[in-house]
Amino acid sequence: MNTTSEQTTPELTVWYDSDCPLCIREINVMRRLDRRGAIDFVNIQSATGCPISTEELMKRFHAQERDEPIVSGAAAFAAMWRAIPVLRPLGLLARIPPVLWVLERLYRGFLVIRPWLQRRARSIVESQ
């Protein structure tokens, strides 16, 4: 097995909330798609040394591409998509400002209904 620094250093760091059933499902899907191991998925509930506060990490989805600033919201999802070959075209498309603008508006709409979706997902998990 080749252990070059490219393979051992992730291209992207993603912070996620392990107390959120929606987040866990999505991260599990992304882990399966990330066959190259390009993403370091960091559980903000148990992580230490996060570059921003846990409170801020809980408000929005955050990611950081190697040697780039931390981004959040739709830009963070686009960064994650770019790290996964099958989703890379979507991530590249999201680099176009009007596309990212629309995605960010959709993400903000999702944030409004997120608490309801989380409660619903928890009730489904608990009833199984």
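Key figures
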read-out	value
Gained length - Leu22 relative to Leu106, 0.36 nm times residue gap less alpha-carbon distance	28.6 nm
Nearest 10 degrees, 0 to 90: helix 74-83 Cα axis against the chain principal axis	40
Longest site-free stretch - the chain; sites: trypsin sites (Lys or Arg not before Pro), DSSP loop, at most 16 other Cβ within 10 Å	1-34
Förster radius 25 Å - calculated FRET efficiency between Leu33 and Ala121, Cβ distance, rounded to 0.05	0.75
Disulfide-incompatible cysteines by the Cβ rule (no partner under 4.7 Å) in the chain	Cys50
DSSP-defined antiparallel bridges as percent of all bridges, the chain, nearest 5	60
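Read-outs: derived from the displayed coordinates by stated rules, not from any lab. It should be emphasised that the depicted structure is a prediction, and the values quoted were computed from it without experimental measurement. All Cβ positions, glycine included, derive from the backbone under ideal geometry; neighbour counts span all protein chains shown.
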